[in-house]
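**Q** Pasting a structure here, questions to come.
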Amino acid sequence: MRLTTIPFATLSIGFLLTCSTCGLASVAPIAPLLSAQSVTPSHQPLLPGMPSESAIAAIHVQYETYTSAAMGGQRTYGIVLPPGYDQNPEARYPVIFLLHGGHGNPTDWFDKGNALETLKQLYSSGKLPPSLFITPDGNDKRGSSPFWDPQYFDGPNGSVGTAIGSELVQIIQTRYRTLPNPTFWAIGGLSSGAWGALNIGLHYPNHFSILFSHSGYFVDRSGPQNSPMDVIKTLSSNTLQHLKIYLDTGSSDEHFYVDQNQQFHQLLDQLHVTNQLQLFSGSHSWRYWRQHLADSLTFVGEQLSG
């Protein structure tokens, strides 16, 4: 059940806290921030039309691999091709990356998050244009564990930020028919994957302009170079005006997450970044994320459709 959309004037600002699962210290940033000149959108191309119900029913997830120089080995990603992809060989499509959280992998959003059914519902209702839907492997060289979160940056445990924000983007552009302009690329996630999506997205604004976060945080223990609350302040006004950011968190989640989302929302308003914050009933759980993936993807669809 939706409780409220929090307007700027009603925000209550708390102290920035540090949680035990928000990364490790003494690391390098993902990569140098890229020039904002490359993010100026070009003329709006025509998005693919409304797919048929039979095409929507036929979508499915498959898993692919690629060789990552940044991570020094094979990486896996999940992909759902847009409905009607093979029947429309001239069409090009938007791209949506969706990151997993701690102790996760590329299958999580499908096995636990009901993402495939959510996509079908959004395509049928016209709330999301047909898109390439990608679930990257966000784990660093330590692998997946309940004792730590993925490090979505370039650090001592691997260059995950480069692997997702640069390498995988190029792989997807090479293997599939994409709309290359960042206006048509989105990246989001849940919990530490939400932080990772904002961190990577803000370091690669020439690749992503739509960012979304479920139950995320924006100050990381690794330092300001990987904290979206700090990174966004370094971006030019030209880059900021092209960003579209969606945030949500559960009203029963830890105060850390609620406070972080409220503070980041206020900062985005101050920087005149188009953004939306939703506070929903629920906690830090797959039940919550299953229920509200449709909300973030509806926001994505609205931005893609202009």
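**Q** Report whether or not L279 is assigned to a helix (DSSP H, G or I), out of contact with any His (no Cβ under 6 Å at 6 or more places or on another chain) and not β-branched (V, I, T).
**A** no
**Q** Tally the residues that are of a type in the set (K, R) and in contact with an Asp or Glu (Cβ under 9 Å, 6 or more places away or on another chain), restricting the search to segment 227-246.
**A** Filtering segment 227-246 for residues of a type in the set (K, R) gives 233, 244.
Going one step further and asking which of them are in contact with an Asp or Glu (Cβ under 9 Å, 6 or more places away or on another chain), we end up with 244.
Adding up the residues that qualify gives 1.
**Q** Could you list, ordered by first residue, the pairs with Cβ atoms under 6 Å in which the first is in segment 73-91 and in a loop (DSSP other than H, G, I, E, B) and the second is of a type in the set (A, V, I, L, M), at least 6 apart or interchain?
**A** Taking only residues 6 or more apart or on different chains, the pairs are P83/A55; P83/I56; P83/I59; G84/A55.
**Q** Can you tell me which residue within segment 213-226, out of those that are among the hydroxyl-bearing types (S, T, Y) and crowded, with 24+ Cβ neighbours inside 10 Å, is nearest to the chain's Cα centre (by Cα)?
**A** Here the answer is S213.
**Q** Evaluate the following for A197: is it within 13 Å of the chain's Cα centre (by Cα), crowded, with 24+ Cβ neighbours inside 10 Å, touching a residue at least 12 places away in the same chain (Cβ under 8 Å) and assigned to a helix (DSSP H, G or I)?
**A** For A197, the condition - within 13 Å of the chain's Cα centre (by Cα), crowded, with 24+ Cβ neighbours inside 10 Å, touching a residue at least 12 places away in the same chain (Cβ under 8 Å) and assigned to a helix (DSSP H, G or I) - is met.
**Q** Restricting to segment 53-68, name every residue that is part of a loop (DSSP other than H, G, I, E, B) and surrounded by 14 or more Cβ atoms within 10 Å (Cβ to Cβ).
**A** A58, I59
**Q** Only one of these is among the β-branched types (V, I, T), out of contact with any strand residue (DSSP E or B) (no Cβ under 7 Å at 6 or more places or on another chain) and either in a helix (DSSP H, G or I) or over 24 Å from L47 (Cβ atoms) (or both): V258, V231. Name it.
**A** V231
**Q** Taking S213 as the residue in question, decide whether it is within 26 Å of I134 (Cβ to Cβ) and assigned to a helix (DSSP H, G or I).
**A** Working: within 26 Å of I134 (Cβ to Cβ): yes; assigned to a helix (DSSP H, G or I): no.
Here the answer is no, as S213 does not meet what is asked.
**Q** Which one of these does T183 not meet: (1) within 28 Å of G72 (Cβ to Cβ); (2) touching a His at 6+ places or on another chain (Cβ under 8 Å)?
**A** With (1) within 28 Å of G72 (Cβ to Cβ); (2) touching a His at 6+ places or on another chain (Cβ under 8 Å) applied to T183, the lone miss is (1).
**Q** Take the residues of segment 48-64 that are touching a residue at least 12 places away in the same chain (Cβ under 8 Å) and among the hydroxyl-bearing types (S, T, Y): which is nearest to G126 (Cα to Cα)?
**A** The qualifying residue nearest to G126 (Cα to Cα) is S52.
**Q** Right, something else. From the list H272, H292, H284, which residue is touching an Asp or Glu at 6+ places or on another chain (Cβ under 9 Å) and either in a loop (DSSP other than H, G, I, E, B) or of a type in the set (S, T, N, Q) (or both)?
**A** After applying the criteria, what remains is H284.
One line per residue, one yes/no per condition, for (1) under 21 Å from F110 (Cα atoms); (2) in contact with a Leu (Cβ under 9 Å, 6 or more places away or on another chain); (3) modelled with pLDDT of 95 or more:
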{"residue": "D154", "(1), (2), (3)": "no, no, no"}
{"residue": "E167", "(1), (2), (3)": "no, no, yes"}
{"residue": "Q173", "(1), (2), (3)": "no, no, yes"}
{"residue": "T178", "(1), (2), (3)": "no, yes, yes"}
{"residue": "A186", "(1), (2), (3)": "yes, yes, yes"}
{"residue": "S209", "(1), (2), (3)": "no, yes, yes"}
{"residue": "F218", "(1), (2), (3)": "no, yes, yes"}
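**Q** Just checking, which of I210, I200 is more than 16 Å from G161 (Cβ to Cβ) and β-branched (V, I, T)?
**A** I210
The values are calculated or read from the model by the stated rules, or taken from the named source; none is laboratory data. Note that the structure is predicted; figures quoted are calculated from it, not measured. In this analysis, Cβ positions are derived from the backbone assuming ideal geometry, glycine residues included, and neighbour counts consider all displayed protein chains.
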